[in-house]
Amino acid sequence: MKIGLFSATYLDQKLEDVCRMAASLGYEAVELPAFSDNPHLDVEAVHAVQAREEPRPEAVAAYARLMPVYERMRAAEAEICQMLLETGL
């Protein structure tokens with residue numbers, strides 16, 4: 001199992017600084033809260049990318065940086081589900 005840090009606790013800091021701190025503490029993932037007016041994630045920009053609208057270039061760059069993190073989180077969720085199934089919980 002991989003343990004991640006939820007960035008909502010650190011909304012007063014830049015996302016890059018939160019990621020550096022998480023990595024230095026041994027975390028393998030950072031979970032971003034998905035609510036409006038969130039300084040770590042522009043939810044509207046992500047929706048624009050998903051809807052294939054014309055997003056701002058900086059939003060596309062941020063989304064591209066976050067995709068590997070998201071993919072690792074999804075893999076960890078699948079791993080946890082598999083472990084729960086195997087243990088019968």
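Tabulated results
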| quantity | calculated |
| --- | --- |
| Answer residue from segment 26-48, given it is crowded, with 16+ Cβ neighbours inside 10 Å and β-branched (Val, Ile, Thr) and is modelled with the highest pLDDT among those | 30 |
| Subset tally (residues that are modelled with pLDDT of 70 or more and aliphatic (A, V, I, L, M)) for segment 49-59 | 0 |
| Candidate set from segment 4-49 (those that are in a helix (DSSP H, G or I) and β-branched (Val, Ile, Thr)); member that is farthest from residue 80 (Cα to Cα) | 49 |
| Cβ pairs under 9 Å, 6+ apart, first in segment 61-89 and hydroxyl-bearing (Ser, Thr, Tyr), second at pLDDT 75 or above and assigned to a helix (DSSP H, G or I) | 63/45; 63/46 |
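The values are calculated or read from the model by the stated rules, or taken from the named source; none is laboratory data. Small disclaimer: the values here were computed from a predicted structure and weren't measured. When we count neighbours, we look across all protein chains shown, and the Cβ atoms used for this are built from the backbone with ideal geometry, even at glycine.
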